[in-house]
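Coordinate-derived values only; no laboratory data. Please read these numbers as outputs of a predicted model, since none were measured by experiment. Note that we place each Cβ from the backbone using ideal geometry, even for glycine, and neighbour counts take in every protein chain shown.
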Amino acid sequence: MTDASVNVAAGETLLAVDGISLRFGGVTALNDVSFDIKRGEIRAIIGPNGAGKTSMLNVINGFYHPQRGAIRFRGQNLTRMNPGFAARNGIARTFQNVALFRGMTTLDNLMTGRALKMNRGLFWQLLRHGPAMDEEIEHRRVVEDIIDFLEIEAIRRVPVGRLPYGLQKRVELGRALAMEPELLLLDEPMTGMNLEEKEDMCRFILEVNGQFGTTIALIEHDMGVVMDLSNRVVVLDYGRKIADDVPAAVKQDAAVIAAYLGVAG
Amino acid sequence: MLEGDVADRDTFPKLLARNARRFGARPAFRHKDRGIWHSWSWAEVEREVRAYALGLSRLGLRRGDAFAILGNNRPKLYWSFAAAQWLGAVPVPLYADAIADEVGYVLAHAEARLAAVQDQEQVDKVISVSARVPRLGRLLYDEPRGLRDYDHTQLVSIDDVIADGRRALAEDPTLDAWLDAELAKGKGDDVCVILYTSGTTGRPKGVEIGSGRAIGAAVNSVAFDRLNERDEVLAYLPLAWAGDHYLTYAQSFVAGFCVSCPESPETVQENLREIGPTYYFGPPRVFETMLTATTVRIADASALKRALYRYFIGIARRYGERILNRERVPFWPRLQYAIGRLLVYEPLKNALGFSRVRVAYTAGEAIGPDLFSFYRSLGMNLKQFYGQTEAFILLTSQTDRDVRPDTVGPVIADVEVRISDDGEVLYKSASQFLGYLKDAERTAEAMTADGYVKTGDAGFFDAAGHLHIIDRAKDVGRLRNGALFAPKYIENKLKFFPNIREAVAFGDGQDFVTCFLNIDLTAVADWAERNGVTYGSYQELAGHDRVIELLAEHVRAVNRDLAAETATAAAQIRRFLVLHKELDADDGELTRTQKVRRRFIAERYAKLVDGLYGTSKTVDIATEVMFEDGRKGTISARVKIYDLASGEAPAELAAA
């Protein structure tokens, strides 16, 4: 990955956060955090528990509104992002605790990922005929490609509530991919997985990035995964950014070792 | 009938050409992709295979070259066989789950010229061993996913090879005649395929099968079961296994029936239901897994459904097989059976994908009589055959309505079977192999002085002329007191319990019998859930005291069975243990066809065997395991030994 990190880092900025501060009452979740995400890179956000990683993702996709700071997305300055704008403009995400429709099948969950791309009105959708049917077939084709890509053919018709956790995580990734995102935010995609599932997930993330050129920002606790996957790493600790560099450099950083790796290792 | 028609069809590509003329519009192959079943008619398959053969020859494949095929059941891999045979090259299929080292051995031994593989995983394996195969040219692949960043001077997709052949045909019409001439050059004594046997000892051997012989055998068996072009099969068995090559490839080319390939190995059960095959083969293990899954699901069903199931399965057990065999059954049970069909048997068969099955077979290992009878009692025409790769492959086969669970049926046409003085089954067959590739020594070892082939199995014929197989000839042993010890017989009895996935019995030259058990994760995990047993891993579950006690009950039941017969009474199990890991083909503990390699296991777990014949209650062991990518790791565990004599009335065992 080192060769890739060199040329990606020189590329164009897709999203930048600038001086973000986020408080909940007296608690400061994020304190003056700035970093950028280049187009086409895999960007990791790491840090100890409570460092503000998930808050950062929530700021990026507009779920939280920071008290200070700005977000620039595709060169457009936004003082506040909101989830609808984020979704319509190609930012998709998965959640730390899987957030799928548990009673619906894998296939239906993936189809909901296409909801924003359905153009026919409710009337036509209800009729499920003519142009609405053509549209659905087209969306189904995209979803089937994702099913094939993620190797989840066997669970196409299974309600996701019945699936083991590792597979639910995979389905959630699938739903995010169904949006054909430009920027994919992954919140701890590997938690609760065994070694084989982790390896599969790493492969999928690399393939999404390599094959479709999707930019990825991910939060992850497994250091091995972070070091293998990412082009650049941001390290947060108590809401502050303490390091921002390529994985090899972050690993050597004294502040990072003190805050995080030293404890973990 | 077919016979006259195939008399001059001595190669599979010639049969393909015949099928394209005779059943041109009928489906030959189906494959589910992206959620949709795609199909190809015989005429389309012939066109594809012609173009494919030409494409292969443009990549340098020549008459006599070996063409390796590695992957799961996919139409283009089956076509790879036919395309290679068209040119007189020899297809060499490999097991999809073989590790790189095994792949390297076979590719090097067969001197593969080209290879067609399924996907990135297989491409990686072949590339990792390519230094051992100097003659290997381009590597063909079916699924492009993940191969974008590979060196494409080495790789080419099967689609591109076919397209290249098609383009060449369009540009130069004389090539059509050249292809026809190549087809005509094929002869009945050509080697049509080399099947590597998984082998319980030593390196795999390349079994050379003759083209005319293979077709002759398939013609016989197709007539035997009246298979025709309207039959349907689902191809899910390993391509490299002789059984799949026989049942899927050879028989479909002879009979003209349609072969459906599942979407992925995980969707086989679902695809089985969608296709509804009329002709089916499953090793005993598959039937066992299905029955276990059914039993587990019934246990979770409502009280009414459980009661219905119990009642009507009882009826089926008593009368089902007699009705299937068209014996005389009184009116009232017949009526009950008919109601059972409506309410239980047909819905159950439908859920398993067996609604339309006309002929089904099982073989490879002895099947538990109860398991076998269960499916037959539902009205499914399940039969057993006995055969060998070297015989390609049938030697005996049960006929409709003359089926007994403990035999493998009478000898089939064009085969002669003899039992040697020490009980080994020997045969001569019109379809037997030509020899082992580059191994005259082991070919000679496999034959008797008077030209019979040794099977390595011990067996005998009963009064009705049906063959009984007891065990591997070399595995039948004796206890120190001289009592007979047939390990497989004991293991099969144990394995009939859904909670026991695998059993390995020891006792040859010992004072008493002991065994290793493997839990069946599906069944035991389900039991654990319902009984409030918590666990974090396979190892923890397998070592749980209550699980061991559960299995001890099964062992006691087997002992009661063994005690009932004088011949086996001395072979009751005295001590056993539950293994901390699943026996696995990747670790060499099972063959690729999932048979236990007893000797290997006894050596690998020598410490545990010593423990079984010692006095200690636990044994510590560290085991090296191999992952599919070839990396190694270690599992260590403390394994508990269960002594049936100490907890039980010892008098019972002493008396035996």
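Values computed for the structure shown
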quantity: Gyration tensor verdict on region B:53-137 (Cα atoms; rounded if a/c is under 1.5, prolate if a/b is larger than b/c, oblate otherwise); calculated: oblate
quantity: Chain A: relative contact order as a whole-number percent, Cα under 8 Å and 6+ apart; calculated: 27 percent
quantity: Fully extended contour minus Cα-Cα distance, from B:Ala177 to B:Arg26, at 0.36 nm per residue; calculated: 51.8 nm
quantity: Taking A:Met56, A:Met104, A:Met111, B:Met380 and counting other C-beta atoms within 10 Å, the order from fewest to most; calculated: A:Met104, A:Met111, B:Met380, A:Met56
quantity: Amide H contacts of A:Gly113 (H built 1.01 Å from N, under 5 Å, at least 5 apart or other chain); calculated: none
quantity: Gain in span if fully extended, B:Lys632 to B:Asp511, counting 0.36 nm per residue against the direct Cα distance; calculated: 39.9 nm
quantity: Of A:Gly40, A:Gly19, A:Gly121, the one that fluctuates the most in a GNM where chain A has Cα springs shorter than 10 Å; calculated: A:Gly121
quantity: For region B:524-598: rounded, prolate or oblate by the Cα gyration tensor [a/c cutoff 1.5]; calculated: oblate
quantity: Whether region B:2-263 is rounded, prolate or oblate, judged on the alpha carbon gyration tensor where a/c under 1.5 counts as rounded; calculated: rounded
quantity: Structure-based [θ]222 nm, chain A - -39500 (n - 2.57) summed over DSSP H runs of at least 4, per residue, nearest 500; calculated: -11000 deg cm²/dmol
quantity: Exposed chymotrypsin sites (Phe, Trp or Tyr not before Pro) absent: longest stretch of chain A, with sites in DSSP loops and at most 15 other Cβ within 10 Å deemed exposed; calculated: A:102-237
quantity: Residues B:Glu549 and A:Asp228, FRET efficiency given R0 of 56 Å [Cβ-Cβ distance, rounded to 0.05]; calculated: 0.80
quantity: Relative contact order (percent, whole number), region B:2-263, Cα cutoff 8 Å, 6+ residue spacing; calculated: 24 percent
quantity: B:Ile36 versus B:Asn531: modelled label distance in nm, points set 7 Å from Cα along the beta carbon direction; calculated: 5.0 nm
quantity: Sites matching chymotrypsin sites (Phe, Trp or Tyr not before Pro) across region B:1-85 that sit in DSSP coil, with at most 12 neighbouring C-beta atoms within 10 Å; calculated: none
quantity: Equivalent ellipsoid, region A:97-180 (semi-axes from 5 times Cα gyration tensor eigenvalues, Å); calculated: 23, 13, 11
quantity: Two-site label geometry, B:Ser157 and A:Asn77: point separation in nm, points 7 Å out along Cα→Cβ; calculated: 4.7 nm
quantity: Efficiency of FRET from Cβ geometry, B:Asp421 and B:Phe331, R₀ 35 Å, rounded to 0.05; calculated: 0.10
quantity: DSSP loop GluC sites (Glu not before Pro) with at most 10 other Cβ within 10 Å excluded, longest remaining stretch of chain B; calculated: B:1-326
quantity: In nm, spacing of pseudo-spin labels at B:Lys474 and B:Thr615 (7 Å Cα→C-beta vector); calculated: 3.6 nm
quantity: Under 25 Å from the Cα of B:Lys14 - lysines, other chains or at least 8 residues apart; calculated: B:Lys76, B:Lys185, B:Lys187
quantity: Gain in span if fully extended, A:Ser34 to A:Leu116, counting 0.36 nm per residue against the direct Cα distance; calculated: 26.5 nm
quantity: Amide H within-cut-off set for B:Arg501, under 5 Å, with H built and near neighbours excluded; calculated: B:Asn518, B:Ile519, B:Asp520
quantity: Shape box of region A:169-265 [Cα atoms, principal axes, largest first, Å]; calculated: 40, 28, 22
quantity: Average partner coverage of A:146-154, which counts Cβ from other chains inside 10 Å; calculated: 4
quantity: Region A:132-200: trypsin sites (Lys or Arg not before Pro) in DSSP coil with no more than 14 other Cβ atoms inside 10 Å; calculated: A:Arg157
quantity: Evaluated over the protein assembly as shown, the Cα radius of gyration and Dmax, each in Å; calculated: 30.9, 95
quantity: 15 Å reach of a label modelled at B:Leu343, 7 Å along Cα-to-Cβ, counting backbone N of region B:293-327; calculated: B:302-317
quantity: Förster radius 41 Å - calculated FRET efficiency between B:Ala184 and A:Gln211 (Cβ-Cβ, nearest 0.05); calculated: 0.35
quantity: Listed residue pairs exceeding 24 Å between alpha carbons, taken from B:Lys495/B:Lys595; B:Lys205/B:Lys595; B:Lys205/B:Lys581; calculated: B:Lys205/B:Lys581
quantity: CD proxy at 222 nm, helix term only [per DSSP H run n ≥ 4: -39500 (n - 2.57); per residue of chain B; nearest 500]; calculated: -11000 deg cm²/dmol
quantity: Relative contact order computed over region A:11-56 (Cα-Cα under 8 Å; 6+ residues apart), in percent; calculated: 36 percent
